[in-house]
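Just below is one structure, and these are the notes that go with it.
The values are calculated or read from the model by the stated rules, or taken from the named source; none is laboratory data. Please read these numbers as outputs of a predicted model, since none were measured by experiment. Note that each Cβ is placed from the backbone with ideal geometry, even for glycine, and that neighbours are counted across all protein chains shown. The protein model used for the area step is the full one, side chains on, heavy atoms only, and it has no ligands, DNA or RNA in it. Shrake-Rupley method; radii C 1.70, N 1.55, O 1.52, S 1.80 Å.
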Amino acid sequence: TGACVSTLKGHTDCVLSASYSPDGKRILSSSSDRIMRVWDTTLLEGRRRLGPMGAYVLTLKDDKDGVNSASFSPDGMRIITASRDKTVRVW
């Protein structure tokens, strides 16, 4: 329909990336606030807006700088991040 179905809130700075897990049950977001959040999509059903603690089930923090991008591994068991401090991390 072209309409927004959910809004996730919880980051304190610009969100730089967001993607679904391979099974579609989680969303991973990364931000300039140095935080990566894993959101549970099953908590989104029937809700248009959640946050600040509404649907995220895991928070990871990069101690050095903002996280430009983050994604799940193909099996959904790990997360890889690329940060402004010129590093790639596997979580």
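Residue pairs whose Cβ atoms lie under 7 Å apart, sitting 6 or more positions apart in sequence or on different chains, and linking a residue in region 23-44 that is of a type in the set (Val, Ile, Thr) to a partner that is assigned to a loop (DSSP other than H, G, I, E, B) and buried (at least 16 other Cβ atoms within 10 Å of the Cβ), are ILE35/HIS11.
Residues in region 11-50 that are under 13 Å from the mean Cα position of the chain (by Cα) and modelled with pLDDT under 85: 1 in all.
If you go through region 1-24 and keep only what is open to solvent by less than 80 Å² (accessible area, probe 1.4 Å) and part of a strand (DSSP E or B), you end up with THR7, LEU8, LEU16, SER17, ALA18, SER19. Of all residues in region 76-91, those satisfying the criterion of being surrounded by fewer than 15 Cβ atoms within 10 Å (Cβ to Cβ) and in contact with a Phe, Trp or Tyr (Cβ under 8 Å, 6 or more places away or on another chain) are ARG78, ILE80.
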